[in-house]
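*Asks:* Take this structure first; my questions come after.
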Amino acid sequence: MKTRITELFNIQHPIIQGGMHFVGFAELAAAVSNAGGLGIITGLTQRTPEDLANEIAKCNALTDKPFGVNLTFLPTVSSPDYPGYIKAIVEGGVRIVETAGRSPQAYMPALKEAGIKVIHKCTSVRHALKAESIGCDAVSVDGFECGGHPGEDDIPNMILLPRAAEELTIPFVASGGMADARSLVAALAMGAEGMNMGTRFIATKEAPVHQNVKDAIVAASELDTRLVMRPLRNTERVLNNPQVEKILAKEEELGKDIKFEDIIEAVAGVYPKIMMDGEMDAGAWSCGMVAGLIHDIPTCDELISQIMQEADGIIKDRLATLAS
Ligand SMILES: Cc1cc2nc3c(=O)[nH]c(=O)nc-3n(C[C@H](O)[C@H](O)[C@H](O)COP(=O)(O)O)c2cc1C
């Protein structure tokens, strides 16, 4: 399938694996890219630019297909060495960067001078338009369903995607709640040029996370996520567990007076324990409502091949017949 996104990134299928903290390592990015999608290494999971350079070198050894690096600009106490990370990306020969969080404006000149294609992930039409105006090549439109940070507008993809299509000139992919061929065809129908998946790619054979994480996603239903940090305007969709219940109780107890420090134990530094050690109740971890649609743990190649084959079937057998 050829779309503006497959052309832009020189990939076979319009399927992207979004950056994911302590999930998006070289093994997963390479597996997605080898399957014809676009794999993405999560920049900030690597503690230093040198570590990122090593991860990029590892990915280069595992695939000769294009892959990208995610740079997330989130409110953090001490700002990471973004220029250093960008240098590692450029020197590693990576041609695609997925930015997320705050606007990448300050770093656009450095990225563009190096000939890098930038896809910015955002949760509203106004942020997507801003990304377009500062020279991003594409956007990833993340609906309210998404795992991770859905923003504060709460607009689900059935509305957000057609709205993005009404306003944008640059191509966009649908992100949040995407799992299978039905998601892809629906996203295309709403004007997207492909789809970005997070949670679905965690439950794959190659995702380098503890088996408990994959099993938790398969076991979860669409009712099992919660929104935490809403009063801090840093909303995150996570899989429910006892630590999440505690955060929500704290939020209710302290109301508007809550500070990050009040919940820090359940959210800061918990990813290695969850993703690497499989301690599922160590804290809050991002997960999308789409967990309700995930029932198996295929390889990335099986997943992507099945999506593309079934998408063809939906378009040719079902939709084409309806049209005639
Ligand atoms: C465990 C996990 C960690 C994530 N970490 C990041 C991150 O570090 N940076 C980022 O831009 N997005 C992050 N995301 C968001 C994903 O890239 C993607 O936008 C989102 O998962 C899409 O929604 P879905 O889970 O419904 O597919 C994360 C998502 C998950 C599930």
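*Asks:* Along its principal axes, what span do the Cα atoms of the range 221-286 show, with the longest given first and each in whole Å?
*Replies:* Computed over the Cα atoms, the extents are 34, 26, 18 Å.
*Asks:* Okay, moving on. What order do you get for 46-55, 169-178, 94-103, 312-321 when each peptide is scored by the mean count of other beta carbon atoms within 10 Å, highest first?
*Replies:* Ranked from most to least packed, the peptides come out as 169-178, 94-103, 46-55, 312-321.
*Asks:* Does the range 253-324 come out rounded, prolate or oblate, given a ≥ b ≥ c as the square roots of the eigenvalues of its C-alpha gyration tensor, rounded meaning a/c under 1.5 and, failing that, prolate meaning a/b above b/c?
*Replies:* Oblate, because a/c is 1.5 or more while a/b does not exceed b/c.
*Asks:* Tell me, what is a quarter of the convex hull surface for the C-alpha atoms of the range 25-67, in nm² with one decimal?
*Replies:* 2.4
*Asks:* Using the charge dipole of the range 4-208 (Lys, Arg: +1 at Cβ; Asp, Glu: -1 at Cβ; taken about the Cα centre), state which of G37, N10, N70 has its Cα farthest towards the positive end.
*Replies:* N10
*Asks:* Using the Kirkwood radius over Cα pairs, work out the Stokes-Einstein diffusion coefficient for the range 169-242 at 25 °C and 0.890 mPa s, in µm²/s as a whole number.
*Replies:* The diffusion coefficient I find is 172 µm²/s.
*Asks:* With equal scatterers on the alpha carbons only and no solvent term, can you work out the Debye log10 of I(q)/I(0) for the chain at 0.14 1/Å?
*Replies:* Result of the Debye calculation: -1.09.
*Asks:* Where both residues lie in the chain, what percent of DSSP beta bridges are antiparallel, nearest 5?
*Replies:* 20
*Asks:* Where the centre of each part is set by its Cα atoms, how far does the range 274-303 sit from the range 218-273, in angstrom?
*Replies:* 17
*Asks:* Taking 0.36 nm per residue of separation and subtracting the Cα-Cα distance, what length does fully extending E310 through A268 add?
*Replies:* 11.1 nm
*Asks:* Excluding L44 itself, calculate the net charge of residues whose Cβ lies under 11 Å from the Cβ of L44, where each Lys or Arg counts +1 and each Asp or Glu counts -1.
*Replies:* Around L44, the surrounding residues sum to -1.
Taken together, the values in this text are just the output of simple stated rules run on the coordinates, not laboratory data. Values in this document were obtained by computation on a predicted structure and should not be read as measured data. Ideal geometry is used to build each Cβ from the backbone, glycine not excepted, and the neighbour counts take in all protein chains shown.
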